[in-house]
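Below is one structure, written out as C-alpha cells; the observations come after it.
The values are calculated or read from the model by the stated rules, or taken from the named source; none is laboratory data. The model shown is predicted, which means the values in this text are computed figures rather than measured ones. Quick reminder, even Gly has a Cβ in these numbers, built from the backbone with ideal geometry, and neighbours come from all protein chains shown.
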Amino acid sequence: MEAIGFRRARARVTALATACGLAAAVLVQGCASTPPPLAGPVLAGRIAVRSEAAPGHDARSASGQFELRGSPEHGQLVLTSPIGTVVARARWSGPDSGLAQPAGPADIELEADGGTRRFDNFDDMTEAALGQSLPLAAMFDWLAGRPWPHAPAVFDADRTTFEQLGWRVDRSRYASDGLVAADRPLPPPALHVRVKLDAAASAPAAADSK
C-alpha cells in the first residue's frame with residue numbers, strides 16, 4: 001500500500017485528463033480572493049482516507065488537514081497538505097428545496113491543480129479532490145457525532161456505532177477525543193476514513209433519539 005498526500009492522490013485521478021505539474025503557486029493565487037463566510041457549522045481537523053487493494057485497483061491512502069463549513073446545500077470544503085498548503089477548495093450552492101429531503105447543491109466548483117472544474121454531485125467532486133467518492137452530505141452529521149437524518153440508520157446495542165448508506169460509523173471516541181471512524185466494505189475497493197476533529201462537542205451525539 002502506498003501512502004500519499006492529497007495532492008498526489010488527486011493527481012493520480014486526474015493524470016489522464018490534465019497535466020498537474022508545479023501548480024501550487026497558481027492554485028494559491030486563484031484562491032487568494034476569499035469569499036464571504038458561510039453560515040453554519042465549521043468542522044476542521046485531520047482526515048485520512050484509505051482504500052484496500054481490489055481487482056484493477058491498487059491500495060492507496062491519503063491524508064491531510066480539512067475544513068468543512070456551511071451545509072450540504074451551501075458550503076465549502078478546503079483540503080490542506082501536511083505543510084499547510086491549500087491543495088483544493090470546493091464551494092457549492094443550490095436552491096433550498098423546502099422539503100424534508102434536501103435537494104443538494106446545484107453547482108459545485110472545485111479549484112485544484114491550478115484550474116477550476118465544475119460538478120453537479122458530491123461523489124464526483126470528492127473523487128476528484130480526494131481520490132475516492134465520499135458521502136459528503138452525510139458527513140456533516142457524521143462528524144457531529146450523529147446519523148444523517150435523511151436515510152435509515154441501524155445502531156449497535158451500545159449506540160456508539162451505527163450503519164448508514166452502506167457505511168459503518170464508529171463514534172465511540174467522538175465525545176472524548178473528537179475521533180470518528182467510517183468504513184465501507186462494499187462495493188470494492190473497501191474504504192476506510194479516519195477523522196480527528198480539532199474540537200468536538202458531545203451535545204449532538206447525546207441528542208440522538210433513543
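I'm told Arg89 meets every condition in (1) in a loop (DSSP other than H, G, I, E, B); (2) modelled with pLDDT of 90 or more except one. Can you identify the failing condition by its number?
(1)
Can you tell me which condition Gln164 does not meet? The list is (1) at pLDDT 95 or above; (2) in contact with a Ser or Thr (Cβ under 6 Å, 6 or more places away or on another chain); (3) among the polar types (S, T, N, Q), and all the others hold.
Answer for Gln164: the failing condition is (2).
Would you please list the contacts, defined by Cβ atoms under 8 Å and residues six or more apart or on different chains, that run from a residue in region 41-70 that is free of Cβ contacts under 8 Å to residues at least 40 places away in the same chain and surrounded by fewer than 16 Cβ atoms within 10 Å (Cβ to Cβ) to a residue that is assigned to a strand (DSSP E or B) and not hydroxyl-bearing (Ser, Thr, Tyr)?
Cβ pairs passing all conditions: Val42/Glu67; Val42/Leu68; Val42/Arg69.
Which of the residues that make up region 33-57 are more than 16 Å from Asp183 (Cβ to Cβ) and at pLDDT 90 or above?
Hits for region 33-57 are Val42, Leu43, Ala44, Gly45, Arg46, Pro55.
Return the residues of region 71-86 that are assigned to a strand (DSSP E or B) and surrounded by 21 or more Cβ atoms within 10 Å (Cβ to Cβ); say none if nothing qualifies.
Selection gives Gly75, Leu77, Leu79.
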